[in-house]
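Written below as structure tokens is the structure these notes are about.
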Amino acid sequence: MSYKDHMKLALQYAERAFKIGEVPVGAVIVNTDGDVIATAHNLVESELDATAHAECLVLKKAMRHLGQKYLEKCDLWVTLEPCAMCAGAISNARIRRLYYAVEDKKGGAVDNGSRVFSNPTCNHKPEIYGGIMETQSASLLKKFFLGKR
């Protein structure tokens, strides 16, 4: 799979979230061989759980799959810039690389807002790559929120 294939898969999960009335965010974790080891999408509304963001869910799945608490040899692909909660979880899980599609000027905490990984108290900072398939993810998010207004 190419790097765009991983984001395409994350977008497929975002579309699944959209179809069930969740904010359309999808996430994929890939190991160093490029194998997908976990996938998830937002389930905040379905689970009535404010912490059921795609990133947190996919991290838990990957840890269970590998039988370990750290994901140092794994990369995370997500369709929206992670919030502070998710960025903290990504740091604690020691993700190697973070790839995201679209910036979240309001709730993001990687390149916007609190910039969690830039804080001196952050113990682990992944490599960060933003803007991958940004147009597709932004379009899906816009479509979702227009339907809510």
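A compact table of results
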item	result
Breaking point among (1) closer than 29 Å to G147 by Cβ; (2) touching a strand residue (DSSP E or B) at 6+ places or on another chain (Cβ under 6 Å), for S46	(2)
Within the stretch 17-43, tally of residues that are more than 25 Å from E72 (Cβ to Cβ) and surrounded by 16 or more Cβ atoms within 10 Å (Cβ to Cβ)	7
Of all residues in the stretch 34-43 being touching a residue at least 12 places away in the same chain (Cβ under 8 Å) and in a loop (DSSP other than H, G, I, E, B), the one that is nearest to A101 (Cα to Cα)	N42
Any pair with Cβ under 9 angstrom, 6 or more apart, that starts in the stretch 68-88 at a residue that is of a type in the set (S, T, N, Q) and ends at one that is assigned to a loop (DSSP other than H, G, I, E, B)	T79/P24; T79/V25; T79/M133
Strands (runs of 3 or more DSSP E) enclosed by the stretch 44-136 - at least 1 residues per element that are open to solvent by 70 Å² or more (accessible area, probe 1.4 Å) and under 15 Å from I29 (Cα atoms)	127-129
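The values are calculated or read from the model by the stated rules, or taken from the named source; none is laboratory data. The structure presented is a predicted model; accordingly, all values stated were derived computationally and were not measured. Glycine gets a Cβ as well: all are built from the backbone with ideal geometry, and neighbour counts include every protein chain shown. Each accessible area value is taken on the protein alone, full model and side chains, heavy atoms only, with ligands, DNA and RNA left out. Shrake-Rupley method; radii C 1.70, N 1.55, O 1.52, S 1.80 Å.
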